[in-house]
Structure formats: C-alpha cells, structure tokens
Amino acid sequence: MAIVALFYTWATASTTQVSSAIYTDAAAAEQRILASVAILTPPPINIWDSNQPVIIHNNGSVPIVNVRVIYTKPGDPTPIAPSGKLIDVDGNVFDINSTDWPLEALSPGEAIIFWLPADSSYSGYTITVIGLKFEKSVTIGVAE
Amino acid sequence: MRGISNVITALFVVAAILIAAYATMSAYVRHTSDLASAVKRVVSRQIRATYVSYGTSECNTSAGVLKVTYTGIEPEYLVRVVCYDVADPPSTFCVLPYITGGTNSMSAQYLDSSVPFLRDVELNLMACPADLNAACATDKLGCYVIGTYKAQKLSVEKVS
C-alpha cells in the first residue's frame with residue numbers, strides 16, 4: 001500500500017509540475033506575441049533631397065511601457081533621440097522633443113512619426129524601439 | 001486474503017496511472033488550445049493587414065479632398081490619415097479630419113472604435129491647410145494611414 005501511495009503521489013506531483021511548466025511557456029509566448037510594433041522606414045536606394053519619415057506603430061495588443069526611440073547613422077554609433085509627433089487613437093497629435101524620451105507608454109493603435117535628416121540614401125540607418133521587456137530594431141536596407 | 005490485497009493494490013496502480021495520464025492529456029490539450037488561440041490572433045491580425053491597395057487614393061486639388069478606399073479583408077478600426085508636405089514635413093504635418101464615409105449611413109465616424117472601416121468603403125478627407133493644398137498641387141503630398149492593426153504609406157495621385 002505504501003508503494004502504491006508513493007507512486008500515486010509522485011505521479012500527481014510530476015503531472016502538476018509538467019502542467020505548470022507548459023502554462024508558463026504558453027504565457028511567455030503569448031506575451032511575446034501581444035507586444036509588437038511595426039517600424040515603417042523609407043526605402044534605402046533613392047536619392048532624397050528631403051527628410052523622410054519613420055513610423056513607429058504599436059500593432060500589438062498591449063502598451064509598450066517606458067518607450068524610447070533612437071536612431072543611428074551609418075558609420076556613427078552615437079544614438080540620436082529624435083523629435084517627432086505622437087498620434088493617439090483619437091487623432092490627437094502631441095509634439096515629442098528629443099528630451100521627452102522615454103514616453104510613459106505607446107498604446108495599441110498609437111503611432112510615432114519622426115523624420116530622418118535628408119540624405120542621399122537611407123541605407124544603414126538603424127532605428128531602435130526600446131520599452132519595458134521590449135526591444136525591436138531595424139536597419140534600413142537590411143531584411144529583418 | 002492475500003489475493004484480495006493484490007487486487008486492491010493493482011486497482012490503485014491502475015488508478016494512479018489513469019490519473020497521471022488524464023492530467024498529462026488535460027495539460028496538453030489546454031496548452032494546445034492556448035497556443036491555437038494565440039496563433040489565431042496573430043493570423044487574424046495579418047489578415048487585417050491585407051490592405052492590398054490602400055493606395056487607390058487621389059488628391060483632388062480643386063475640392064481639396066483626399067479619397068481613401070479600404071480594400072482589406074478584415075475590418076480596420078480607429079483609422080487616422082496624416083499628411084505633410086515632403087519639402088517641409090514637420091511644420092506642415094497634420095491629421096486629416098473626415099468629411100464623409102462611403103455610404104450615407106456611415107459618415108465621419110471612423111474614429112469611433114465601434115465603427116469599422118470596411119472593404120470597398122471610401123473615406124473623403126478634408127485637405128490639410130493651404131500649404132498642403134499647394135503640396136497636393138505639386139504632387140508632393142506625403143500621407144500615411146494609421147489604423148489599430150496597420151500603418152501604411154499612401155500613394156497619393158493628383159486628379160488631373
């Protein structure tokens with residue numbers, strides 16, 4: 001009887017442990033899926049004589065908290081905090097100065113727009129979005 | 001007596017195995033269900049993002065109206081259209097207010113989250129201030145559409 005009881009206890013405990021681990025994995029995966037931004041950049045091979053916009057759009061289902069946006073020019077690793085505008089879901093526009101980062105949050109559906117300085121080609125510019133437990137970076141001209 | 005004891009022991013072992021198997025299968029089913037729902041959300045979002053050609057927009061200089069037609073499959077919500085003069089982007093930036101929707105029953109309410117932007121519906125948007133009308137006239141109007149699920153550059157064509 002003691003052996004049976006021991007076996008029963010072991011079986012129950014091990015299945016509970018497996019179940020718990022599976023749930024933790026699923027929750028983490030879901031969180032990764034829910035937090036998402038799209039970064040729209042100008043095409044790399046063009047001769048531009050004017051500034052070109054970059055759009056940061058929260059297309060996920062959760063806010064990105066403490067969000068910062070920086071960009072670097074090719075050949076210069078110094079990060080630049082851009083000035084731009086935040087467009088909320090009601091269509092309101094808020095100015096963002098380079099000293100305003102990090103923003104408290106970028107909510108689902110909200111977007112940030114800023115303009116890269118005029119350049120002959122935007123190839124090599126890297127745009128990075130950093131938030132709490134979130135980071136996404138794209139380099140213009142390099143596939144994600 | 002010993003025979004009965006062996007039977008009871010065997011029953012306990014079988015019960016333990018069945019319980020363990022049930023718990024494992026139950027956890028597996030719930031795990032699969034969770035992943036399936038998560039994947040469904042992502043796939044659904046991708047379908048929503050299928051605008052196909054949001055760029056069937058026209059910049060009508062005489063009326064100062066930008067027409068935007070939605071050709072996606074799934075409805076989009078909270079649609080905003082932002083425009084700027086590419087020669088002077090930050091200072092001329094603005095969000096276009098809606099004039100009318102594509103049907104009589106849907107007018108100027110696309111910023112309301114309860115009203116979806118549906119396939120083949122056309123938005124008529126007021127042009128931005130005078131400086132953007134000038135940009136429109138010279139084909140230098142840059143516009144982006146921003147929804148809940150998708151942001152995309154508009155291809156603006158002037159109506160001759």
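The values are calculated or read from the model by the stated rules, or taken from the named source; none is laboratory data. Quick caveat: nothing in here was measured; it's all calculated off a predicted structure. All Cβ positions, even for glycine, are placed from backbone atoms using ideal geometry, and neighbour counts span all protein chains on display.
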Original post:
Exactly one of (1) at pLDDT below 70; (2) charged (D, E, K, R); (3) within 25 Å of A:Leu86 (Cβ to Cβ) is unmet by B:Glu76. Its number?
Top reply: (1)
**OP:** Among the residues of the range A:85-144, count how many are under 21 Å from A:Thr72 (Cα atoms) and among the basic types (Lys, Arg).
**Re:** 2
Original post:
From the list A:Val138, A:Val93, A:Val89, which one is farther than 28 Å from A:Asp49 by Cα and either of a type outside the set (Asp, Glu) or surrounded by 13 or more Cβ atoms within 10 Å (Cβ to Cβ) (or both)?
Top reply: A:Val89
Original post:
Looking at A:Asn59, A:Asn97, which is the one that is polar (S, T, N, Q), in contact (Cβ under 8 Å) with a residue 24 or more places away in the chain and in contact with a Ser or Thr (Cβ under 6 Å, 6 or more places away or on another chain)?
Top reply: A:Asn59
**OP:** Go through (1) modelled with pLDDT under 95; (2) over 29 Å from B:Leu111 (Cα atoms); (3) outside any loop (DSSP other than H, G, I, E, B) and name the single condition A:Phe94 misses.
**Re:** (2)
Original post:
With respect to A:Ile47, is the statement that it is more than 10 Å from every other protein chain (Cβ to nearest Cβ), crowded, with 18+ Cβ neighbours inside 10 Å and farther than 25 Å from B:Cys94 by Cβ true?
Top reply: no
Subject >> Per-region count, the range A:104-120, residues more than 10 Å from chain B (Cβ to nearest Cβ), in a strand (DSSP E or B) and among the small types (Gly, Ala, Ser) >> reply: 1
Subject >> Residues being more than 8 Å from every other protein chain (Cβ to nearest Cβ), under 11 Å from A:Asn51 (Cα atoms) and touching a Ser or Thr at 6+ places or on another chain (Cβ under 7 Å) - total across the range B:76-90 >> reply: 1
**OP:** Look at B:Leu123 and say whether it is modelled with pLDDT under 80 and hydrophobic (A, V, I, L, M, F, W, C).
**Re:** yes
Subject >> Count - residues of the range A:67-86 that are part of a strand (DSSP E or B) and either surrounded by fewer than 16 Cβ atoms within 10 Å (Cβ to Cβ) or more than 14 Å from chain B (Cβ to nearest Cβ) (or both) >> reply: 12
